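Each value in this text was obtained by applying a stated rule to the coordinates, not by laboratory testing. What you see is a predicted model, and the numbers here were worked out from it, not measured in a lab. Note: ideal-geometry Cβ built from the backbone for every residue, glycine included; neighbour counts use all protein chains shown.
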Amino acid sequence: MEPQQRSVSGSSQSPRSPSSQPFLSVSVTDPVKLGNGVQAYISYRVITKTNFPEYQGPEKIVIRRYSDFVWLRDRLFEKYKGIFIPPLPEKSAVEKFRFSAEFIEMRRQALDIFVNRIASHQELQQSEDLRTFLQADEEMMERLRSHETGIFKKKPADLMQIFKDVQSRVSDVVLGKEKPVEESNPEYEKLKNYVFELENHLAEAQKHAYRLVKRHRELGQSLSDFGKAAKLLGACEGNALGKAFSELGAKSETLSIKLQKEAHQLLMSFEEPLKDYVRAVQSIKATIAERANAFRQQCELAETIKLKEINLDKLMLTRSDKVGEAEIEYKELKAASEEATNRFETIVRLMNEEIVRFQEQKTVDMGIAFHEFAKGQARLANGIADAWRSLLPKLEVCSS
Amino acid sequence: MMSHENHGDEDASGYADLRESRDEMESLALDDSSNGPASSSSLTDRQSRRTAFNSILEPPSYAEAIFTSFDSSSSNGFHRNQNLPPRPDPFSHSDFLRIWVSDPRKEQELAANSLVPGGTTYYTYLITTRTNLPEYGGPGSEFSVRRRFKDVVTLSDRLSESYRGFFVPIRPDKSLVDSQVMQMGQFVEQRRSALEKYLNRLASHPAVQKSEELRVFLVVKGKLPLAKSIDVASRMLDGAVRLPKQLLGDAAAAAAATVEASQATQPARGGRDLLRMLRELKQSVANDWGRVKPLVVEEDKEFLERKEWLVEFEHHLSNISKEAETLVKAQQDTGETMGELGLAFVKLTNFETEEAILDSQRVRATDMKNLATAAVKASRLYRELNAQTVKHLDKLHEYLGVMLAANGAFSDRSSALLTVQTLSSDLVSLQSRIEKLEAASSKIFGGDRSRMRKIEDLKETARVTEDAKSCAVREYERIKDNNRDELERFDKERHIDFMDMLKGFVLNQVTPRRWQMRGRISQRKLSDMLEMAAENFGFELLFS
């Protein structure tokens, strides 16, 4: 059952001929269990259709597993700071649930949405890592995947930066500075508060949505049991009264099936989208953290430069032979500082665009989810009322 | 008393959520003019956004919807308050006899002969009766007495003695079932409700309704003038209680009958009856294990088939009753979770509206709010639905009680049969002893004085035993008749009751009773509400 496509793939809407319109559409399908015992896993078929010139051809099919998606997400997170990277479904904690049909379907749907969001994002869709993910053969993918366990491979300069970050953070703590440096931007503060609170509200709605799914299932089960019991009693009673009980029992069992169906629908079209947005908000929080890091780096470098300037002037006054060295260091730091400032400002700019895009998309997606919820409940209520109503004339017959 | 408070959620925090959310639901006004916690936004703003939604549907009022206890015992509507019910319709059925139990009071037992000062406490209840029956004073009679549970036990014991073979309703338990734990207040309320049900069942039993024991219980103020058990001697002395007519035919026969004979019409009890109990025990063992078939046996094939059927019926009834309970709980849980979800929606939409930094968020706000309201109303609908479902399916529980009463009636029959069998075999052994003695003494010329005396004694005993046996047989036949009449009545009433129950249950699922009764003009069903909500969302979704 194909869920409603929540994110549009491709870019503009004007009806030009399809071949001239750049498009990139991906689907994640066909989950298959591979391997044995503890090492068993699910593999998915990823089908790409595109006319992007950078791609090898109009269509490509590859086999991917969950950790490949994780690789892609991590790479994108590292490279595109400031952009809200689409969230991934969680690794499953409970062993026995891992291969249930429902869980597999939920995961497949989430992975499909994940890739499509990337494919329809103007910047992310250009990513080389995405191309690799969608086209590389399984062996290459495996190499890349095992290469990147845990900490990413960083360039030496970045390593230095990390070192410096750690150093300064430690010294801050040692010197008794209360908090690391933070932006004093009231609008940004408001945004951060919004994001954190939004997560709470969404999480609560999702929790109750999940419970409602469970309740539907329990109600369905109890209707089924009740129906069986009614049928047994009907068989025992015999005659008209017995028939009435049997009819009631049969109807009850029919309703049970309706409820189970509706429970599944509720899960896939309502509860999952809510969960998806909880994850999306968590991804935003990760970007917020990145922005904070970038800001801190920028500030620290700025401070370090000031100190170096003072030092340089001192050296120049004393005509020390260390001047040359110090000048080179100073120039490097200046470059690094500019880079850090650039990085930070890029993040800010991207975030501003992203937040607009996120809100618009959320409004649409939540709208669809609530629409599905209302439709489903209406369908259920009608179905139940109709089913019972159709029983009434039969009962009349039995009692006459 | 909110029995559904006990339905905690799986985790402890869930239970706290439940309490909280119920409070919030109760504060959620129907007309949406104010909303729970985050209602800092301008009231006028929200009021202006009020849609057609609010005029559509008038769900039941708060008090009714939320505080309807699932345990609301009374189909007769006299539960919590002290107001007496309306006067009975004078043209109503002439066999009108209705009872209310109320006003539990704690009293002190004056323990004159106890070593500990003070005494135990016990509760009394006000028993109010309204009736048309001539035995009670004719149409429009009304009276109250105060009774304690011990009195009810006495009443129940006496009724089972007097009405052997009838399906006499079973009285409430003396103590709690092991698994139950509750506060005193809750226990008293539960008992009060159970007593009311019990007394009304007695009142609607065609035979018991006319009983002297019940009348005395309901009418006579002060101490209950019923002896705890039927000690024949004390019964004869006790002028307040007429001996049940059906027992001994006319007064002359009653006087003539020996104590021994009439005792045969009662099951064996302790004390003086010890000997008799032993004899009957011996007889029943002989019945089960002896090689010789007893002289009198249960011959009524129809009865035996019926009994077998009843065993199967009881099994299925018990099964469906259990499933009905589970169903009710599931309906209740669904309603509650729906309500919590609705509340979460409300909070989310309020938050989005207030904290919105972009207009795109505000667009959906009205629609979301309406959907949230629909969800909360759906929750109330479930609650209402469930309260009615409980009332209907309760019939199943009730008939489990009837099955117990039937078992009682059948054991009356078998114990009466046992008495007949015992007396029969006594008679047979007496006859054979007499014969032996006669044979022995005939060999002695001129007779054997002592043996002759013995024979005379035995013959006398045999005569008495013969009388007792006839009494016992008459009693056994009487009980058999009662059984048959009751079974017929059971079949007829069961058929009607169950058909009504099924129809009521199904009708209720289609439209809850209160909505039927409201009969308002624009009465849209929940599904319409939800469909409208769905449309509102779908309207702008061009690609859905």
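For each of A:Leu72, B:Leu418, count neighbouring Cβ atoms within 10 Å of the residue's Cβ, then give the residues from fewest to most.
By the 10 Å Cβ count, ascending, the order reads B:Leu418, A:Leu72.
Considering the dipole of the range A:67-117 built from charges on the beta carbon (Lys and Arg +1, Asp and Glu -1) around the Cα centre, which of A:Ser100, A:Pro86, A:Leu76 is farthest to its positive end?
Selected residue: A:Leu76.
Rank A:Leu233, A:Thr318, A:Thr363 by how far each Cα sits towards the positive end of the charge dipole of the range A:218-377 (+1 on Lys, Arg Cβ; -1 on Asp, Glu Cβ) and give me just the farthest.
The residue sitting farthest along the positive end of the dipole is A:Leu233.
Give me the inter-chain shielding for B:487-496: mean count of other chain Cβ atoms within 10 Å, whole number please.
1
Tell me, which longest segment in chain A has none of the trypsin sites (Lys or Arg not before Pro) that fall in DSSP loops with at most 10 further Cβ atoms within 10 Å?
A:154-318
Take peptide A:202-210, look around each residue's Cβ out to 10 angstrom, count Cβ atoms belonging to other protein chains, and average those counts.
Mean partner-chain Cβ count within 10 Å for A:202-210: 5.
With a bin width of 5 angstrom, please list the P(r) values of the range B:413-493 as percents of all Cα-Cα pairs, from the 0 bin to the one holding the largest distance.
3, 14, 17, 14, 11, 10, 8, 6, 5, 3, 3, 2, 1, 0, 0
Using the crude model of +1 on Lys and Arg Cβ and -1 on Asp and Glu Cβ, and no other charge, please compute the dipole size for chain A relative to its Cα centre, in debye to 20.
Here chain A has a charge dipole of around 1000 debye.
Do the sum for chain A: with -39,500 (n - 2.57) for every DSSP H run of n ≥ 4, divided by all residues, what is the mean residue ellipticity at 222 nm, to the nearest 500 deg cm²/dmol?
Helices in chain A give a 222 nm mean residue ellipticity of -25000 deg cm²/dmol.
Using the 10 angstrom Cβ neighbour count as an exposure proxy, how do A:Tyr55, B:Tyr198 rank, fewest first?
Placing the least packed residue first, the sequence is A:Tyr55, B:Tyr198.
At A:Lys331 and A:Thr132, where each label point lies 7 Å from the Cα along Cα→Cβ, what is the point-to-point distance in nanometres?
Label at A:Lys331, label at A:Thr132, 3.4 nm between them.
Just tell me the longest site-free run in chain A, where the sites are GluC sites (Glu not before Pro) in a DSSP loop having at most 13 other beta-carbon atoms within 10 Å.
A:183-400
Can you pull out the trypsin sites (Lys or Arg not before Pro) in the range B:423-509 that DSSP calls coil and that have at most 10 other Cβ atoms within 10 Å?
B:Lys443
Quick one: putting +1 on the C-beta of Lys and Arg, -1 on the C-beta of Asp and Glu, what dipole do you get for the range B:124-223 around its Cα centre, in Debye to the nearest 20?
Computed about the Cα centre, the dipole is about 200 debye.
Quick one: which of A:Lys91/A:Lys214; A:Lys207/B:Lys329; A:Lys192/A:Lys308; A:Lys214/B:Lys347; A:Lys49/B:Lys347; A:Lys261/B:Lys492 span more than 32 angstrom between C-alpha atoms?
The pairs that break the limit, which is 32 Å between Cα atoms, are A:Lys192/A:Lys308; A:Lys49/B:Lys347; A:Lys261/B:Lys492.
If one puts a single equal scatterer on every Cα of the range A:60-137 and applies the Debye formula without solvent, what log₁₀ I(q)/I(0) results at q = 0.22, 0.23, 0.24 Å⁻¹?
So the normalised log intensities are -1.05, -1.12, -1.19.
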